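We did not get these values from a lab; they are worked out from the coordinates using the rules stated. All figures in this text were calculated on a predicted structure; none of them were measured in a lab. With ideal geometry, Cβ positions are generated from the backbone for all residues, glycine too; neighbour counts draw on all protein chains shown.
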Amino acid sequence: MADPIIWRDSRLGIPREAALSNGPLRYHDSGGDLPVLVFVHGYLVNANIWRKLVPLLRGRFRCITPDLPLGSHVAPVDRDADLSPPGIAAMIAELLDVLGLSDVTLVGNDSGGAYSQLVAADHPHRLGRLVLATCETPECTWPPTPGGFGLLKTTATHPLSYLALHQALRLRLTWRWRNTYGWLAKHPIDTPAMLSYIRPVLTRAAIRHDGRKAIGSVSDRFSKRAADQLVRRFDKPVLLLWAAEDHVFPLASAERYARSLNAELRTVPDAFTYVTEDQPHRTARALTDWLASAGPPLPQR
């Protein structure tokens, strides 16, 4: 069996590594001279969160799935790297610049949606469209209050408390607790993917350092500022793609945010926050239908 820390589903495409100013960033590229979708995951998951979705899109789109330094990655970044929300957003924008990508559709899920809003607000020049797939809205805290996820930031104040908090994940029965993954995925996540999410933070000090810095610096002041800028300035198509049964990010908040953004809202039934885990086919259909109606992104040259 492959090392669960480094295993990434082969359906994501070719593994690559970009040399960014704050250190290496690994990503997968499905390839092709096709319109580009770049996917942004949240805390304590990695590119595997997109493993069911990318195969449904490749052939029509080039899918880029980075492993961000949010606790489930393989390659630690520089020890003094800026992993605050603006720093992570800058890293995503730098990746787009290094790869020479433009007219990109940026797709963010969970806290990846908050980071994506910061990219769109502060680094919009490479983006053509924005998809927010069940994530922070201006009405949400960051970390979100439902499910008790605020404890993640509280324990990040010290390396030992951060390490101690995550030890519970060694027991498989905890994977379905509401304050781990139980309120994020309606249906159980398969074991190889789960191990790729939790083993790095449990076993590698350098990865814990990155994850602790990242989650310890989040705040809704960043997401609220980004949302305000998007409402006032962002003039590109936006889709809010929301889990119909989400416990963490209320659908009513998404409806109000969509009206503020003059954006379309589409819902994914039988799903919690991780819509690509629970309903990859419905997510793919909603995404491709919306891209067709909004005007598909251009192929890269």
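Just a few scattered comments:
- Leading residue by the ranking (surrounded by the fewest Cβ atoms within 10 Å (Cβ to Cβ)) among those in the range 250-301 that are assigned to a helix (DSSP H, G or I) and touching a His at 6+ places or on another chain (Cβ under 9 Å): Asp278
- Top-ranked residue of the range 1-47 - restricted to ones that are in contact with a His (Cβ under 8 Å, 6 or more places away or on another chain) and part of a strand (DSSP E or B), ranked as farthest from Ile189 (Cα to Cα): Arg16
- Verdict on Leu68 being assigned to a strand (DSSP E or B), crowded, with 24+ Cβ neighbours inside 10 Å and either on the phi > 0 side of the Ramachandran plot or among the aliphatic types (A, V, I, L, M) (or both): no
- Qualifying position, being closer than 22 Å to Leu287 by Cβ and touching a residue at least 40 places away in the same chain (Cβ under 8 Å), among Leu83, Leu44, Leu12: Leu12
- Test: residue in the range 80-100 that is surrounded by fewer than 18 Cβ atoms within 10 Å (Cβ to Cβ), under 22 Å from Val201 (Cα atoms) and among the hydroxyl-bearing types (Ser, Thr, Tyr): yes
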